[in-house]
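The structure appears below as structure tokens.
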Protein chains: 2
Amino acid sequence: MVDVQCPLCRGDGGELIAQNDLFRLVYANEPNFPGFIRLILNHHTAEMTDLSPEDQRRVMAAIFDVERQIRLVLKPHKINLASLGNMVPHVHWHIIPRYQDDVSYPGSVWSEQVRPANPNLIQERIQLAKSMRPALQKVCIE
Amino acid sequence: MVDVQCPLCRGDGGELIAQNDLFRLVYANEPNFPGFIRLILNHHTAEMTDLSPEDQRRVMAAIFDVERQIRLVLKPHKINLASLGNMVPHVHWHIIPRYQDDVSYPGSVWSEQVRPANPNLIQERIQLAKSMRPALQKVCIE
């Protein structure tokens, strides 16, 4: 199903990394959160419990594969996983490397900014995040 | 493993609903978000990818069972799922019914409050959330 009003039906929702029959992975390119990846369902479906058990399993397996890759390459202090969709009710997961020096740590990425961004660290992490691309493409194939 | 400094190792982390060998379910009892449930791992483990595939599967199956129950009973506009753990790096999932009238919708529950709470609606939803207890206990058994 496609909803012509939905930004995740109309566009990629980020910088496309790879796509399969069920979902795609994108770089969110959120300026203060390098390595922030989104897994976006292809179909316009609001909730995880609208999916079949097999599709739920595939989505979560991919999220954990992405988490594993982020931990390996970006070595964040913490991983944040979230499926909210209040603004865009089309299943999409946020997979976010968090650092003690990032702008809102230990709050959520949706919380108030508590410190300035560190441009050098951000640049370094953007490069590391780019280097994950082949491994992230593989997540979509498996 | 137990971390004596960790509030989720030292206490239930909410109003206990039920517990099994792997996790427990609690009512978060967040005043503005009735029906907010947490699934908290028993062991002190920081990330989902620290768990075995079988434990990952059990955790996610339980989350989706809780989501199903919340949708059935509380009929929210949206379900929010999140595993953050920046403040307490011990795996715990937030399973949150969201309503267009709640204090921070369509923002996250960690975002700025954008409207006053509606005490009547909150009371009504607290009662509905209480009525889910037997079904939520069953989630811990299966």
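Summary table
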{"read-out": "Residues of segment B:76-85 classified as within 7 Å of chain A (Cβ to nearest Cβ) and not hydrophobic (A, V, I, L, M, F, W, C), total", "value": "4"}
{"read-out": "Counted residues, segment A:26-58 - those being within 12 Å of another protein chain (Cβ to nearest Cβ) and in contact with a Phe, Trp or Tyr (Cβ under 7 Å, 6 or more places away or on another chain)", "value": "3"}
{"read-out": "Residue match in segment B:12-21 (condition: in contact with a strand residue (DSSP E or B) (Cβ under 9 Å, 6 or more places away or on another chain), buried (at least 17 other Cβ atoms within 10 Å of the Cβ) and assigned to a strand (DSSP E or B))", "value": "yes"}
{"read-out": "Those residues of segment B:112-126 which are among the charged types (D, E, K, R) and open to solvent by 60 Å² or more (accessible area, probe 1.4 Å), in sequence order", "value": "B:GLU112, B:ARG115, B:GLU124"}
{"read-out": "Of all residues making up segment B:1-53, the number that are basic (Lys, Arg) and in contact with a Lys or Arg (Cβ under 9 Å, 6 or more places away or on another chain)", "value": "2"}
{"read-out": "Residue that is nearest to A:PRO53 (Cα to Cα), among those in segment B:22-58 that are small (Gly, Ala, Ser) and surrounded by fewer than 18 Cβ atoms within 10 Å (Cβ to Cβ)", "value": "B:SER52"}
{"read-out": "Residue among A:ALA135, A:ALA61, A:ALA129 that is farther than 27 Å from B:ILE96 by Cα and either within 12 Å of chain B (Cβ to nearest Cβ) or open to solvent by 10 Å² or more (accessible area, probe 1.4 Å) (or both)", "value": "A:ALA135"}
{"read-out": "Criterion: more than 7 Å from chain B (Cβ to nearest Cβ) and open to solvent by less than 20 Å² (accessible area, probe 1.4 Å) - qualifying residue of A:VAL103, A:VAL109, A:VAL73, A:VAL88", "value": "A:VAL103"}
{"read-out": "In segment A:85-131, the residues that are within 23 Å of A:ASP65 (Cβ to Cβ) and among the aliphatic types (A, V, I, L, M)", "value": "A:VAL91, A:ILE95, A:ILE96, A:VAL109, A:ILE126, A:LEU128, A:ALA129"}
{"read-out": "Count of residues meeting criterion [over 16 Å from A:MET60 (Cβ atoms) and either over 16 Å from the mean Cα position of the chain (by Cα) or not aliphatic (A, V, I, L, M) (or both)] in segment B:15-34", "value": "12"}
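The values are calculated or read from the model by the stated rules, or taken from the named source; none is laboratory data. Computed from a predicted structure; not experimentally measured. Please note: Cβ atoms are built from the backbone with ideal geometry, for glycine as well, and neighbour counts cover all protein chains shown. The protein model used for the area step is the full one, side chains on, heavy atoms only, and it has no ligands, DNA or RNA in it. Shrake-Rupley method; radii C 1.70, N 1.55, O 1.52, S 1.80 Å.
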